[in-house]
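The values are calculated or read from the model by the stated rules, or taken from the named source; none is laboratory data. Only a predicted model underlies this, so the values are computations on that prediction, with no experimental measurement involved. Every residue, glycine among them, receives a Cβ derived from its backbone with ideal geometry; neighbour counts consider all protein chains shown. Protein only, heavy atoms only, side chains kept; ligands, DNA and RNA dropped before computing areas. Shrake-Rupley method; radii C 1.70, N 1.55, O 1.52, S 1.80 Å.
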Amino acid sequence: MGETIENRIDFYRKRIGVTQEALALSVGVTRQTIIALEKGNYIPSVLLALKIAQFFKEPVEKVFKVKL
């Protein structure tokens, strides 16, 4: 199966003017994890995806999407 997870972390992060480091600290991961997520090189756990969406005050479906 060629399914992947796309995300809009970069879009929402820049929209509110938050650095990768600040987002990482807020959700309990490293800046390197946020970089990997934004590049599409890392698929987050459900818990991390929910924390990130909650940080942006957006539904998880708006931040993350399954690409078939």
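If I model a spin label at V18 and L48 as a point 7 Å from the Cα along the Cα→Cβ vector, what separation in nanometres do I get?
1.5 nm
Would you please name the chymotrypsin sites (Phe, Trp or Tyr not before Pro) within the chain that are DSSP coil residues with at most 12 other C-beta atoms within 10 Å of their C-beta? Write out the running numbers ahead of the final one.
Numbers: sites: F11, Y12, Y42, F55, F56, F64; in loops: Y42.
Answer by residue number: there is no such site.
Given a 1.4 Å probe, how much area per residue of the chain is accessible, in Å²? Please list the in-between numbers first.
Working: 4650 Å² over 68 residues.
Roughly 68 Å² per residue, with all protein chains present.
Leaving out ligands, DNA and RNA, and with a 1.4 Å probe, what % of the accessible surface on the chain is carbon or sulfur? Walk me through the numbers before you get to the answer.
Details: 2630 of 4650 Å².
Here carbon and sulfur together make up 56 percent of the probe-accessible area.
Viscosity 0.692 mPa s, temperature 37 °C: give me the Stokes-Einstein translational D for region 2-63 in µm²/s, with Rh taken as the Kirkwood radius over C-alpha pairs. Walk me through the numbers before you get to the answer.
Working: Rh = 11.5 Å.
Value of D from the Cα-based Kirkwood radius: 285 µm²/s.
Restricting to DSSP loop positions (anything but H, G, I, E, B) with no more than 13 other Cβ atoms inside 10 Å of their own Cβ, which trypsin sites (Lys or Arg not before Pro) remain in the chain?
Counting only loop positions with at most 13 other Cβ atoms within 10 Å, the trypsin sites (Lys or Arg not before Pro) in the chain are K57.
For the chain, what is the charge dipole size about the Cα centre, in debye to the nearest 20, if Lys and Arg each add +1 at the Cβ and Asp and Glu each add -1 at the Cβ?
180 debye
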